[in-house]
1. Return a yes/no flag: does the range 230-238 have any residue that is at positive phi and either in contact with a helix residue (DSSP H, G or I) (Cβ under 9 Å, 6 or more places away or on another chain) or part of a loop (DSSP other than H, G, I, E, B) (or both).
2. Evaluate the range 286-297: report whether one residue or more is assigned to a loop (DSSP other than H, G, I, E, B), out of contact with any strand residue (DSSP E or B) (no Cβ under 7 Å at 6 or more places or on another chain), modelled with pLDDT of 95 or more and surrounded by 16 or more Cβ atoms within 10 Å (Cβ to Cβ).
3. Please verify whether the range 218-226 includes one or more residues that are under 16 Å from the mean Cα position of the chain (by Cα), assigned to a loop (DSSP other than H, G, I, E, B) and buried (at least 16 other Cβ atoms within 10 Å of the Cβ).
């Protein structure tokens, strides 16, 4: 970052804990935070103040939007509010980085795309399961080097721990979070497009539903998607069933099948195996090996800062960002049209 001016940003909306990662990522590249605004006292606020005591709270979001020195807005508001805040920020001449899902309805997508075109500002969704996972960076390098040949399929698993006692009311309202495929599966859809080197994809099949939480009828705890981009296919499974006994919030995995081998990522934990995260296993004609990812780069924040100053698209192409949002919405719509069914009590296997 020494060849660029100092980036100045502000945080708007602290309703999800991902705001911690956004702030840390920007501060680590030398950016300066002018302050934060959030509505009320959301659950992540106390942790935010503890982690970043030097960052002042601004009582009116307009003070941030109208501050000409602020170049970038980081946003982790309630999902249904993110698009509206992004639109206002772009209209005030700010670039925007939002937590996923950045968009929860088709009308929001239309609005964001229109304003982005009109203003020429950056609208970036921070897909942390690629941008903040070193094993994914290393997998991309290995594939580029030809270690598994041509990519044929991806299988992305995104299990999460519910931690119900920590979840706010909006977390269980579908209109607020958009549905499990819009929310969580956007990560895996993004990775499919990235590794398939595809600009578009078809949603072949999609299902979602509430399988085990009858007390929260508007909550979806399971979802799956089948995608295709020409001959390349992708399968996605996301859920809220990670047991409390796992020493991580979820056993996130990605398997990439190629013509000459495959790669499996255990992103956050190697159960009953190696400690830590970012585990990568490579299998090809030369054998099976474990690949160290500890020194792999995480270029997203650095590239985003460069894009702000140079008006480039090195962190993520704008068309790619919008396509992921579009496909997640299409998958959710297909799943909504054919819901899995009612919650059933556990039965006996006969």
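1. Residues of the range 230-238 at positive phi: 230.
Now restrict to residues that are either in contact with a helix residue (DSSP H, G or I) (Cβ under 9 Å, 6 or more places away or on another chain) or part of a loop (DSSP other than H, G, I, E, B) (or both): 230.
Yes, some residue in the range 230-238 is at positive phi and either in contact with a helix residue (DSSP H, G or I) (Cβ under 9 Å, 6 or more places away or on another chain) or part of a loop (DSSP other than H, G, I, E, B) (or both).
2. Yes; the residues of the range 286-297 include at least one that is assigned to a loop (DSSP other than H, G, I, E, B), out of contact with any strand residue (DSSP E or B) (no Cβ under 7 Å at 6 or more places or on another chain), modelled with pLDDT of 95 or more and surrounded by 16 or more Cβ atoms within 10 Å (Cβ to Cβ).
3. Within the range 218-226, not a single residue is under 16 Å from the mean Cα position of the chain (by Cα), assigned to a loop (DSSP other than H, G, I, E, B) and buried (at least 16 other Cβ atoms within 10 Å of the Cβ).
A quick yes/no check of all residues on (1) in a strand (DSSP E or B); (2) without any contact (Cβ under 8 Å) to a residue 12 or more places away in the chain; (3) over 18 Å from the mean Cα position of the chain (by Cα):
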{"residue": "156", "(1), (2), (3)": "yes, no, no"}
{"residue": "161", "(1), (2), (3)": "no, no, no"}
{"residue": "175", "(1), (2), (3)": "no, no, yes"}
{"residue": "182", "(1), (2), (3)": "no, no, no"}
{"residue": "186", "(1), (2), (3)": "no, no, no"}
{"residue": "193", "(1), (2), (3)": "no, no, no"}
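The values are calculated or read from the model by the stated rules, or taken from the named source; none is laboratory data. This structure is a prediction, so every number in the text was calculated from the model and none was measured. Cβ coordinates were reconstructed from backbone atoms using ideal geometry, including for glycine residues, and neighbour counts include every protein chain displayed.
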